[in-house]
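Below is one structure, written out as structure tokens; the observations come after it.
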Amino acid sequence: MAGVCSLCHPKTEEIVREAHYWRIIANQDQNLLGKCFIALNRHEEDLFHLRQPELDELWSLAAKVREALRELFQADHFNFAFLGNNDRHLHMHAVPRYRGTRFFAGLVFDDKAWGHHYDLIPRRVPPEVAAQLVAAMKEKLAPLLAKPEKRRAIGKSEKPKGRLKKAAKPKAKRSTKGPKKRRR
């Protein structure tokens, strides 16, 4: 790794929430309202080097970010992506998508590419609007992150879902010695 990693040392004012393994960071580019990413606290560049507890926390945080942004801005859809093109430090983009116009802090946000790949034209909002966005996300995420996780064990006793056919029972072998006599 050459130079200083910006995701190892993010700007404090952009941090929405710190968790055990990950942090939620508001993206400086707000071409889509609420755009953020979830960055690993330790420096790692390979998704396949994550440990199971890190993966578990990531999926939990991603679900809660999605829920918070749906409640805050009525996001209609989400794109989640691991790219690593500009910052190799492992992070997942959470990109809310909108069918219609959204308003926040006196600004207008349009998803002009709704239904297609989003525009890559960056949009920086004024620092005071960025601060309001981070504050709104913190406020909405706090109760969601305080809820205990609903975990269920997955084991042999769990029945598969879907249209799976039962395996045919093996047919009993017939004796070649003739019919069985009944006992009385």
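Structure values in brief
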{"read-out": "Likely footprinting exposure, D46, D87, fewest C-beta neighbours within 10 Å first", "value": "D46, D87"}
{"read-out": "Sum of side-chain charges, A26 neighbourhood, beta-carbon under 14 Å (Lys, Arg +1; Asp, Glu -1)", "value": "+2"}
{"read-out": "Residues in segment 80-103 reached by a label modelled at F48 [backbone nitrogen below 18 Å; 7 Å Cα→Cβ]", "value": "82-85, 89-91"}
{"read-out": "Formal net charge of residues neighbouring D110 (Cβ-Cβ distance under 12 Å; K, R +1; D, E -1)", "value": "+3"}
{"read-out": "Quarter of Cα convex hull surface for segment 12-131, i.e. mean projection, nm²", "value": "7.4 nm²"}
{"read-out": "Within-15-Å neighbourhood charge of P96 [Cβ basis; K, R +1; D, E -1]", "value": "+3"}
{"read-out": "Mean separation of Cα contacts under 8 Å (6+ apart) over length of segment 12-131, as relative contact order %", "value": "28 percent"}
{"read-out": "Neighbour-count order for I121, I25, I15, fewest beta carbons within 10 angstrom listed first", "value": "I121, I15, I25"}
{"read-out": "For H77, distant residues with modelled amide H under 5 Å away", "value": "R97"}
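Read-outs throughout are calculated quantities, based only on the coordinates presented, and are distinct from any laboratory measurement. This one's a predicted model, so the numbers in the text were calculated from it and none came from an experiment. Glycine gets a Cβ as well: all are built from the backbone with ideal geometry, and neighbour counts include every protein chain shown.
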